[in-house]
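See below for the structure under consideration.
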There are 2 protein chains.
Amino acid sequence: MASSTLMLFFFLSSFFTFSPIPCLGRYHPLDPLTPSEFTQVRTIVKKSYPNSIHNLTFQYIALDEPDKSLVKSWLSKPNPKRKTLTRRALVITRLDKHSHEIVVDLSTRSVVSDKVYGGHGYPLLTLDEQAVASELPLSYKPFLDSVEKRGLNLSEVVCSTFSVGWFGEEHKKRVIKILCYYIEGTPNLYMRPLEGISLVVDLDELKISEYYDRDRIPVPKAQGTEYRLSKQKPPFGPKLNGFAIVQPEGPGFKIDGHTISWANWVFHLGFDVRAGPIISSASIYDLEKSTYRQVLYRAFISELFVPYMDPTEEWYYKTFFDAGEFGFGQSAVPLEPLADCPENAVFMDAYYASSDGTPVKLSNAFCIFEQHAGSVLWRHTETEIPGEVITEVRPEVNLIVRMVSTVGNYDYILDWEFKPSGSIKFGGTYDTNFFYMVGLSGLLEVKGAPYTNTGQIKGDAYGTLLADYTIGVYHDHFLTYYLDLDVDGEANSFVKNNLVTKRVTDHSSPRKSYWTVVSETAKTESEAKTQLGLKPSELVFINPNKKTKPGNNIGYRLIPGSISNPLLSHDDYPQIRGGQFIDQSHGDDTLATWSLRNRAIENKDIVMWYTMGFHHVPCQEDFPVMPTLSGGFELRPTNFFESNPVLKAKPPKREHLPNCTK
Amino acid sequence: MASSTLMLFFFLSSFFTFSPIPCLGRYHPLDPLTPSEFTQVRTIVKKSYPNSIHNLTFQYIALDEPDKSLVKSWLSKPNPKRKTLTRRALVITRLDKHSHEIVVDLSTRSVVSDKVYGGHGYPLLTLDEQAVASELPLSYKPFLDSVEKRGLNLSEVVCSTFSVGWFGEEHKKRVIKILCYYIEGTPNLYMRPLEGISLVVDLDELKISEYYDRDRIPVPKAQGTEYRLSKQKPPFGPKLNGFAIVQPEGPGFKIDGHTISWANWVFHLGFDVRAGPIISSASIYDLEKSTYRQVLYRAFISELFVPYMDPTEEWYYKTFFDAGEFGFGQSAVPLEPLADCPENAVFMDAYYASSDGTPVKLSNAFCIFEQHAGSVLWRHTETEIPGEVITEVRPEVNLIVRMVSTVGNYDYILDWEFKPSGSIKFGGTYDTNFFYMVGLSGLLEVKGAPYTNTGQIKGDAYGTLLADYTIGVYHDHFLTYYLDLDVDGEANSFVKNNLVTKRVTDHSSPRKSYWTVVSETAKTESEAKTQLGLKPSELVFINPNKKTKPGNNIGYRLIPGSISNPLLSHDDYPQIRGGQFIDQSHGDDTLATWSLRNRAIENKDIVMWYTMGFHHVPCQEDFPVMPTLSGGFELRPTNFFESNPVLKAKPPKREHLPNCTK
């Protein structure tokens, strides 16, 4: 019996991938588009442009989400009464050098609207056009000459694409930069740039429009750049012993389509080619009220801004927006069982559309698992009562939803963590394995001479010398989250509970000071703008229409992660950019511009954009592969429950496996 | 075979407690005193005061650590050549109302020195004197009258002790305050204060010196305060499924006495009745240099300051120093296997001396285990090389050393975490289960009328109304760490790498700005004082006498945890206090006073004191027992290694257990 459960469990956990595609006609309103829907969209759109099949490309296809009110009423119905809402797709195409925003109705199989985008900026870059662009140099005579001139073997040359940013130009074509690398003796291409060579490709023509071979610097050696285990030579180490996690009762969560329920949580896990994971309609079961209560309607990473801090010719433009330019979802990689995720993980596939509209399957895009980190949910030992000692301990179990997005050299490990205590944590672990290697190219060219020792560096190197001729360029990572909290309902207010020092001057107390809480409710968008770290304050989303029994505001609190404020000047171009068409955007579609309307936000259905940042000064430990650096923030209930929601959680069974054999 | 390993492992992990007592004469110089040594110390000291046995109490007995130079040379010797260094004890006694500082030599069995402490403040409170003091009210007529007056049952009354602080008095006797509680129908004593009653006990006389029955407020109900699983009524939840962690190869660490080696780390785990865990002589193995390199000579929590923010008569004095007044080590509680620590934990006992000098055993004071949280050490997926996809992932394994210290209502879960990547993290998880209940007493008395709803509160309640008549008082937690880093040797310097914005004004770049690093080496103690969060800066301990091959300073970096600066005014008494005799101290023995010498600290054997803080605004989820709130900081190698120290770590074996039966 126990043995069979276990076998079943193991089967489930490591080799079974969950297929989220719903049975015909039974969609959750927020389910991402299915392969067959992508195919439908493609057919419908192509039909409306019969003569332009060849220069029509799909830059973005995603679910056009139904209005929140419709979704809410659907969610409020009992399961049998739930009818699938009209399925619509939002499509962004490039057609005759214009960006089209097209809405497709999948029930009527028709185009609902088709607008040419008139604003600045360009849509998401597709993997296909980047792949084609990367190949162009390899058949481009001037480039071949440059390679030959350097005495290199063309078959060992690999090129990659870099968005060009915006620096005040009034208009610029839809272009991308190409830099090339040498992979002889290493898979670590970023380590071996072909110094001084750069190309510009016109993405609508898919032709090389500019070519530069400015300088001639030897290609750095492959030595020390290898990271594959199979190619490493002894000594190995440090030795880490093996282990296995076993769940005799099986996993504690259920997956129905894209809806995941676990412990006291239920939520929807969506996927978008740009944003990656989307957490929706997260509700938590209130044991005391015997009902589920709303917490979070929708949350995702709206953008990730990575500006590099080298203003020189070959580097100044490197100010990447990884979500809007390269696509977090599109860059997701298949997760490795037993490595990216533990034994007890269940995997889920995802789908997106290629540039010709056909569906692409992402195997093991997500893993979902219960985390047993050996931490404590709550505990107390009571020794003050004579003649008795009380010890009550509850071990902690969390649910992790993980996706890894590899944007070129970067590996972003994106975790959403749900806690039985009501907290939702986002743990962003990023692992910028190789970018420092890219840093090498621009910097060496600028410096004119390669460095093997910091003593040789005159002036600012804009980074850290990590190895011979290898400078890791200073940079930032700013992750901006879209957080549509619905704290026990849609109408919420944003409150800053400021901690303010009070001095006792009237000798009423032996104390000279204390602090107390002075609350401030943001009435408008501008009042809600907050620079973190300036003053001690708790940031709370409250529901002003409901109170706890003692009369406190029902709320959820943002506990920020590492606070890093922007260091670029406010008028600098990369600092201004943003928006949906972010590639080369001019910043006329950003939070900064939209919030100028300064709308009233008290007791309204409001959304918080929270930015978490890291300033990154590379160090040698980051070479040639960087140990993960983690950051995160927490959404924590604050007078949301009447009392501790896990007071009556029974400790999970922890019995031993008395006998396990090979 | 595999099965027998497993059985052995299970035996080891959950039921075997490691005895750290060394074989005769084979002490590590930093090993804490053993039971027999405590007994020796007691005999030696008592012999020197033959006529005063009855009023001699031992407030503190600990190892008198040998000079660092001696310890270092001992450590540098090969094991067979290591002779035990002279063992000495530092003893603090109360004798005829004076505090004595006595040094005892255990080899010559003699008192080396005996000084009467002439400064302000008093030593650690012993558990014994607190226990006696707590019993005094129960046979004190006026108190019995007060209990009877309230119609309460004396057998259900429990009292507890509270340090009195210092508020500018020139001299005050060694006293402690007593507050009492009612435990009828609940073990949650802090929830049911006998409002308005407080006593003062003279600790040298162990007599009640003051008594107050100011007010008469009904004792709050027991309802809703129970936290024992056995007493809870359905419904239970949320349901958390069972699990087990299995290590077919057994644990990856070795324990020899108090020395623990794991992966690339080796360090010494000590214990002190005041500080609790002491991590010493932590070194990491450098695969490239094939040698162990020093990182940390000594680290522990030097103090924990918990000021409450209610200035009224019954509360103003509550400004506790949990290490120096109550003793983190003395307050350690036995860890529960399978609850406080997972299956794969090994436990270790600890010892301290009671107030009469006899040894007390703390069973399972520590647990040591490998943490498998399902996180990633490093990874990369490479898709840019045509025709090949590379994925390399290394799962993370960490080593956790845990102690739980319960200071009255508080449960502090103290974790030291070692990472193969070279980081040491301190994860302080605190779980202030019940203090809010204590908050009730003072506040209700002051307000004169009990609250059941926030609407009734006029003016400042100094806290949050958590339930009927129950206010959780605002407070802080400031943990100060003693961190004696020896980065690749003793002589280190403290460097602030400030991130500074540069504007591009000469049109040399399309960019308008970037940031770069401007380093600042602290020459003196005052230059090293740093308020965190004021400006972006990396805080690095470097070894100025050594450089990496590329010429970077070899260093370790402090990555701070949550930054909370003090909100009390700088001239307020609790803000001034500190030092070894901290109970009622006047602040003449603090970092602030010692650092006035402003010594030169460049290229010296320096120590960092780092303070991590939390401001705590209680919420209803904290009632009646609070879900853990965590904080921590990281010491991370920064150009300490030439390259990633875990590049060549093989992934741990993750094979499944094919067959497990009950």
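A point 7 Å from Cα along Cα→Cβ stands in for B:Arg214, and the other copies hold the same point at 7.5 nm, listed in rising order. Other protein chain C-beta atoms within 10 Å of residue C-beta, averaged over B:627-638: 4.
What the phi angles of segment A:114-124 give under the Karplus curve with 6.51, -1.76 and 1.60, with θ = phi - 60°, is a coupling list of 8, 10, 7, 6, x, x, 7, x, 10, x, 3 Hz, glycine and proline written as x. In order along segment B:609-625, the Karplus-derived 3J(HN,Hα) couplings, from 6.51 cos²θ - 1.76 cosθ + 1.60 at θ = phi - 60°, round to 9, 10, 10, 10, x, 10, 8, 10, 9, x, 9, 5, 4, 7, 10, x, 8 Hz, and Gly and Pro are given as x.
What dipole magnitude, in Debye to the nearest 20, does the protein assembly as shown give about its Cα centre under +1 on Lys/Arg Cβ and -1 on Asp/Glu Cβ?
Numbers: 136 positive and 154 negative charges, 228 e Å.
Computed charge dipole of the protein assembly as shown: roughly 1100 debye.
Volume of the convex hull of chain B (Cα atoms only), normalised per residue: 230 Å³.
Which value, in debye to the nearest 20, describes the size of the charge dipole of chain B about its Cα centre when Lys and Arg Cβ atoms bear +1, Asp and Glu Cβ atoms bear -1, and nothing else is charged? Walk me through the intermediate numbers first.
Details: 68 positive and 77 negative charges, 350 e Å.
Dipole size: approximately 1680 debye.
With a 10 Å cut-off around each Cβ of B:498-508, the average count of Cβ atoms from other chains is 3.
Sort A:588-599, B:81-92 for me by packing, meaning the mean count of neighbouring Cβ atoms within 10 Å per residue, highest on top.
Values: A:588-599: 14.1, B:81-92: 17.0.
Packing proxy ranking, top to bottom: B:81-92, A:588-599.
Straight Cα distances below 28 angstrom link B:Lys231 to the lysines A:Lys289, A:Lys419, A:Lys549, A:Lys648, A:Lys650, A:Lys653, B:Lys221, B:Lys239, with same-chain residues fewer than 8 positions distant left out.
Per residue of B:402-409, other chain Cβ atoms within 10 Å of the residue Cβ number 3 on average.
Between 0 and 90 degrees, the angle of helix A:435-447 with respect to the longest Cα principal axis of chain A falls at about 40 degrees. Inter-copy label distances at B:Ser76, shortest first and taken from points set 7 Å along Cα to Cβ: 7.7 nm. Of the residues B:Gly455, B:Ser595, B:Pro550, the one whose Cα sits farthest toward the positive end of the charge dipole of chain B, with +1 on the Cβ of Lys and Arg and -1 on the Cβ of Asp and Glu, is B:Pro550. Along the axis of the charge dipole computed for chain B (Cβ charges of +1 for Lys and Arg, -1 for Asp and Glu, origin at the Cα centre), the listed residues B:Gly357, B:Ala131, B:Tyr316 are led at the positive end by B:Gly357. Please work out the C-alpha center-to-center distance from segment A:461-534 to segment B:170-218 and express it in whole Å. The distance from the Cα centre of segment A:461-534 to that of segment B:170-218 comes to 40 Å.
For B:Phe271, the residues 5 or more places off, or on other chains, whose built amide H falls under 5 Å of its own are B:Ile278. Could you tell me how far the Cα centroid of segment A:377-394 sits from the Cα centroid of segment B:71-99, in Å? Between the Cα centre of segment B:71-99 and that of segment A:377-394, the gap is 35 Å. Taking label points 7 Å from Cα along the Cα-to-Cβ direction, A:Leu70 and A:Leu591 give a separation of 2.9 nm. The long axis of helix B:35-47 is offset from the longest Cα principal axis of chain B by roughly 50 degrees. Near the amide H of B:Gly165, within less than 5 Å, lie the amide hydrogens of B:Gln584, all on another chain or at least 5 residues away, with H placed in the peptide plane. Sequentially through segment B:320-337, phi angles give Karplus couplings (6.51, -1.76, 1.60; θ = phi - 60°) of 7, 10, 5, 7, x, 9, 9, x, 4, x, 4, 8, 4, 10, x, 7, 8, x Hz, Gly and Pro residues having no value and appearing as x.
Taking the Cα centre of segment B:334-419 as origin, work out the dipole magnitude from +1 charges on Lys and Arg Cβ and -1 charges on Asp and Glu Cβ, in debye rounded to 20. Please report the intermediate quantities before stating the final value.
Values: 5 positive and 14 negative charges, 53 e Å.
Charge dipole of segment B:334-419: 260 debye, to the nearest 20.
Secondary structure note: in segment A:314-373, about 90% of the DSSP beta bridges are antiparallel. Taking amide H as placed 1.01 Å from N in the peptide plane, A:Leu194 has its amide H under 5 Å from the amide H of A:Cys180, A:Tyr181, A:Tyr182, each at least 5 places away in sequence or on another chain.
Projecting the Cα atoms of A:Tyr514, A:Leu532, A:Ser564 onto the charge dipole of segment A:492-595 (Cβ charges, centred on the Cα centre) puts A:Tyr514 farthest toward the positive pole. Entry for the protein assembly as shown at q = 0.07 Å⁻¹: log10 I(q)/I(0) = -0.76, Debye formula applied to identical alpha-carbon scatterers, no solvent contribution. For A:Asn498, the point set 7 Å out from Cα toward Cβ sits 2.8 nm from its twins in the other copies, listed from shortest up. The slack in the chain from B:Lys458 to B:Ala222, taken as 0.36 nm per residue of separation less the alpha-carbon distance, amounts to 82.3 nm.
The numbers here are math on the coordinates, done by the rules we state, and not lab data. Note that the structure is predicted; figures quoted are calculated from it, not measured. Using ideal geometry, Cβ is built from the backbone for each residue, glycine included, and neighbour counts are taken over all protein chains shown.
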